[in-house]
Amino acid sequence: QKRILKGMTKCGKNGSSCPYIKEGKIIKVNNSEWKLNKQLDCNSYNLVYAISCNKDTCKMVYIGETKRMLHSRVAEHRGYVSNMETDKATGAHFNMPGHSLADLRVSAIEHTKGRGSEYRKEREHYFIRRFDTFHRGLNKQK
């Protein structure tokens, strides 16, 4: 019997998202903390997630949500960077001078099981406010 550890972990299958997974039990953004209360990995879905820049001088964060598995959503964000889609927040950020895809880290923040997209979007907005990633991060008003 494997013990269930709360927090974000790599799936262990060495998938394409694994190098970008930021493992841990606590998310810290702009002096605010959030404790993960479930075991989450790149196969988790119905999530609010954080993409952060791993550069010591930067540490900018983007909060997003997805109903799909996290690795599918991360693949899209990686595509924005690779294809230089600078109209996308992550595409623009990781194409800035001195930045690259290697600086991208992702962690699930919360699993919003079975509550539908309205609730997931509400939670996304909650975390954008909580972590202030609109003013001090990569989230922009659409």
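Descriptive notes on the structure:
- Yes/no for Thr90 being of a type in the set (Ser, Thr, Tyr), assigned to a loop (DSSP other than H, G, I, E, B) and either farther than 22 Å from Leu36 by Cβ or touching a residue at least 12 places away in the same chain (Cβ under 8 Å) (or both): no
- Residue in segment 35-50 that is more than 13 Å from the chain's Cα centre (by Cα) and under 17 Å from Gly137 (Cα atoms) present: no
- Answer residue from segment 105-142, given it is of a type in the set (D, E, K, R) and in a helix (DSSP H, G or I) and is surrounded by the fewest Cβ atoms within 10 Å (Cβ to Cβ) among those: Glu118
- Restricted to segment 66-104, and to residues there that are of a type in the set (D, E, K, R) and open to solvent by less than 50 Å² (accessible area, probe 1.4 Å), the residue that is farthest from Asn54 (Cα to Cα) is Arg73.
- Selection from segment 70-87 of residues that are in a helix (DSSP H, G or I), among the hydroxyl-bearing types (Ser, Thr, Tyr) and over 14 Å from the mean Cα position of the chain (by Cα): Tyr80, Ser82
- Qualifying residue in segment 35-44 (condition: open to solvent by 40 Å² or more (accessible area, probe 1.4 Å) and under 23 Å from Gly91 (Cβ atoms)): no
- Residue, most open to solvent (accessible area, probe 1.4 Å), within segment 7-33, restricted to residues that are touching a helix residue (DSSP H, G or I) at 6+ places or on another chain (Cβ under 7 Å) and not charged (D, E, K, R): Ser16
The values are calculated or read from the model by the stated rules, or taken from the named source; none is laboratory data. If you're wondering where the values come from, they're calculated on a predicted model, not measured in any experiment. Don't worry about glycine lacking a Cβ; one is built from the backbone with ideal geometry, like all the others, and counts go over all protein chains shown. Please note that ligands, DNA and RNA were not included when accessible areas were found on the heavy atoms of the full protein model with its side chains. Shrake-Rupley method; radii C 1.70, N 1.55, O 1.52, S 1.80 Å.
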